[in-house]
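Worksheet: the structure to be examined is printed underneath.
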Amino acid sequence: MLKNRLLTFLVLLFLCLKVSAQSNKLSIQVDKPIAEIQPTMWGIFFEDINFAADGGLYAELVKNRSFEFSHPMMGWKEQKFDRFSLNKESGFTSIINHGDSEASGPRFARVTTHAGKGYGLTNEGLRGMGIKKDMQYNFSLLARRQEGNVKLRLELVDEKGTVLGETSISPTENAWKEYTATIKATNTEAKAKLNVWFEGKGVVDIDMISLFPQDTWKQRPKGLRADLVQLLADMKPGFLRFPGGCIVEGRDLATRYQWKKTVGKIEDRELIVNRWNTEFNHRPAPDYFQSFGLGFFEYFQLSEDIGAAPLPILSCGMACQFNTAELVPMDELDPYIQDALDLIEFANGPVTSKWGKLRADMGHEASFNLKYLGVGNEQWGPHYIERYKVFTKAIKEKYPDIIIISSVGPFPDGELFDYAAKELKDLNAEIVDEHYYKNPEWFLENSDRYDSYDRNGPKIFAGEYAAQSVATVSPDNKNNWKCALSEAAFMTGLERNADVVYMASYAPLFAHAEGWQWTPDLIWFDNLRSYGTPNYYVQKLFATNKGTNALSILSGNEKVNGKNGLYASAVWDKNSKEVIVKVVNTSDKVQSTELQLATKKKVSADGVMSVLKSENLDAVNSLDNPTQLSPQQVPLKLKGKAATLSLPAHSMTVVRIKAS
Ligand code: AHR
């Protein structure tokens, strides 16, 4: 009995000691907003890295559907064919490189079959095909009958070869024509394949062999993967930056992103290699190409769907400076500048204009309301500044309202940064794009980065950032709670400085669990499943609690910026009439905090808290445990205009309180 009491006493003593002795007081000036928060404040950075587009967001299941990969049969396997035998027993495929304007791309496949024996092509998908039981799959291809009568039997099979569903198509026309059919899957399989069997005797030409699930985002035919878009929509992002990232620049100029080649009919979009395919020896992906089925029209449409301002970034005539650093001579920049002007017309121009008409023909008569345009991605040095000047002059002359985003290089400090920051300030740049890939300690130490920032300089776009648990581009980086917590602390500093910070986005966004090159990433997925990392939930908590005006939040006379491991920011939401407070406790102690609202408004007695926490700084989410670390809602009782918060160790807490 005595032993039990002693034990209880010791446990209580331990718990008391864990609760920090000092009590923190946070006071918020609710009636004196200090800055307007831009609707764009928290957004999304999209780049086709880690199989984010083909094999990810773009729901096409067939790899190399048009035989345009550098090896034309990559992703395809012939069935029942001895390619080294002159006695081609059941059939064979020839790759034709043609000048036929009615087909897509330079190549198509010509299949010759001999009756009876059976000949087929199997497509392995992009790391397999994710197939769901009872789901309908839309098959399509372009085909042209050459000789005889060949019937195509299409089978979805699992890894063991068991048929999950089938259908057939008989190309009857001698001209290219699209044929479609639907397959219903009888089972769920993450690594399915598609068999195309050619039955009968004859010759048939085939191209653009395609398979899409019907449950795409908004059920759009040949659209985007619904679960992945939903994760983005749930963030309520203020903007969508696309298409990157270094992919904008290309390793060389030939492989830069050219938006005009990504719009119009899908079969006419010229496929190119993905610049991330063999960038890192530790994660080579030689089969990584860009089909551009997800192109600029689709990016604009996605932005609109999820309520995000579109933010395209264009090549400024400089290839990636970490790779070839090729430059377009200054007197040959015109086509690049024209691309920028034409893009604005494509997004906003009247349907009577050349590019506005294309937008309308693609199904969007109304303007996409483009307001922001990035000139170059992660450029640095005098070559950039001179190109930036020419682009800006041309764009502003024709479209004075377009806000231009410029680059201050790949690092948040140092010679390159200082040079660009000074030049761009002197040039009255509007918004500069800063990148921080740093360790978690840097994020904590730099949460006051903008407290003393020049209020007369350009506004800030924190365009790419992520805490690196090991080192930048290390394949061992983890999306763990330590990193996410440090980003949360840093983001309170961005929010406190909303008068200069106009936009921020974590990078990169997506990673296929088997196809990634770069880690950490915000959202991970495989062929069937997806999940948000702890970093995702931090981003989501900020973005869904954005508010409209920043408020002053002080502890005594000091900013809440690291003392006792606490970081805090506060906003007012004029639409919902709520005070929203974000407090990050990076210490390993529970901390008691008095929250006081200085206001003439009537404060509700009931608030609500969203708490994201883990005592384990190494904690991660995973495909099998996707929401292990995700916010929990807890009610909060107020006494008058004050409340006591108990902030768990290693936690982020968002408090919402009505005040009218
Ligand atoms: O986010 C990954 C890469 O990091 C981006 O493509 C580039 O802009 C930066 O270096």
Report summary line: Out of (1) surrounded by fewer than 18 Cβ atoms within 10 Å (Cβ to Cβ); (2) without any contact (Cβ under 8 Å) to a residue 12 or more places away in the chain; (3) of a type outside the set (D, E, K, R), the one S367 does not meet is (2)
Query raised in the report: Restricting attention to segment 500-517, and to residues there that are over 19 Å from V538 (Cβ atoms), hydrophobic (A, V, I, L, M, F, W, C) and in contact with a Lys or Arg (Cβ under 8 Å, 6 or more places away or on another chain), which single residue is surrounded by the fewest Cβ atoms within 10 Å (Cβ to Cβ)?
Result: V500
Query raised in the report: Has segment 408-420 got any residue that is in contact with a strand residue (DSSP E or B) (Cβ under 6 Å, 6 or more places away or on another chain), within 16 Å of the ligand (Cβ to nearest atom) and either without any contact (Cβ under 8 Å) to a residue 60 or more places away in the chain or among the charged types (D, E, K, R) (or both)?
Result: yes
Requested in this report: Scan segment 327-368 for residues that are outside any helix (DSSP H, G or I) and under 23 Å from I404 (Cβ atoms) and report the count.
Outcome: 9
Query raised in the report: Restricting to segment 240-275, what's the tally of residues that are more than 15 Å from F69 (Cα to Cα), in a loop (DSSP other than H, G, I, E, B), out of contact with any Lys or Arg (no Cβ under 7 Å at 6 or more places or on another chain) and within 16 Å of the ligand (Cβ to nearest atom)?
Result: 6
Query raised in the report: Could you count how many residues in segment 145-173 are over 23 Å from K77 (Cβ atoms) and buried (at least 16 other Cβ atoms within 10 Å of the Cβ)?
Result: 1
Query raised in the report: What residue, of A254, A309, is surrounded by fewer than 18 Cβ atoms within 10 Å (Cβ to Cβ), small (G, A, S) and on the phi < 0 side of the Ramachandran plot?
Result: A254
Query raised in the report: How many of the residues in segment 131-144 are in a strand (DSSP E or B) and surrounded by 15 or more Cβ atoms within 10 Å (Cβ to Cβ)?
Result: 9
Requested in this report: Return a yes/no flag: does segment 196-216 have any residue that is more than 16 Å from the ligand (Cβ to nearest atom), of a type in the set (A, V, I, L, M, F, W, C) and either without any contact (Cβ under 8 Å) to a residue 24 or more places away in the chain or assigned to a loop (DSSP other than H, G, I, E, B) (or both).
Outcome: no
Report task. For segment 405-431, name all the residues that are surrounded by fewer than 21 Cβ atoms within 10 Å (Cβ to Cβ) and either small (G, A, S) or under 29 Å from K482 (Cβ atoms) (or both). Result -> F411, P412, D413, G414, L416, F417, A421
Report task. Please find, within segment 340-374, the residue that is nearest to the ligand (Cβ to nearest atom) out of those that are of a type outside the set (A, V, I, L, M) and closer than 30 Å to F417 by Cα. Result -> G374
Query raised in the report: Just wondering, is there one or more residues in segment 375-387 that are closer than 26 Å to P508 by Cα, within 26 Å of the chain's Cα centre (by Cα) and polar (S, T, N, Q)?
Result: yes
**Report entry** strands (runs of 3 or more DSSP E) contained entirely in segment 547-660, each with at least 1 residues that are among the acidic types (D, E)
**Finding:** 566-573, 578-585, 591-598, 603-613
Requested in this report: Of the numbered conditions (1) within 14 Å of the ligand (Cβ to nearest atom); (2) under 15 Å from the mean Cα position of the chain (by Cα), D305 fails exactly one; give the number of that condition.
Outcome: (1)
Query raised in the report: Given the conditions (1) touching an Asp or Glu at 6+ places or on another chain (Cβ under 7 Å); (2) within 16 Å of the ligand (Cβ to nearest atom), and given that A325 satisfies all but one, which numbered condition is not satisfied?
Result: (1)
Query raised in the report: Here are some residues: L444, L424. Which one is assigned to a helix (DSSP H, G or I), more than 16 Å from the ligand (Cβ to nearest atom), under 30 Å from D342 (Cα atoms) and in the same structural domain as Y465 (by TED's automatic domain parsing)?
Result: L424
Requested in this report: From the list A507, A498, pick out the single residue that is within 24 Å of V583 (Cβ to Cβ) and either among the basic types (K, R) or out of contact with any helix residue (DSSP H, G or I) (no Cβ under 9 Å at 6 or more places or on another chain) (or both).
Outcome: A498
**Report entry** Residues (small (G, A, S) and crowded, with 20+ Cβ neighbours inside 10 Å) located in segment 544-583
**Finding:** G547, A550, A568, S569, A570
Requested in this report: Starting from segment 375-400, keep only residues that are within 16 Å of the ligand (Cβ to nearest atom), then list their pairs with residues that are at pLDDT below 95 whose Cβ atoms are within a distance under 6 Å, requiring at least 6 positions of separation or different chains.
Outcome: none
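The values are calculated or read from the model by the stated rules, or taken from the named source; none is laboratory data. The shown structure was predicted, so the numbers you read here are calculated from the model rather than taken from an experiment. Positions of Cβ are generated from backbone atoms using ideal geometry, with glycine treated the same way; all protein chains shown enter the neighbour counts.
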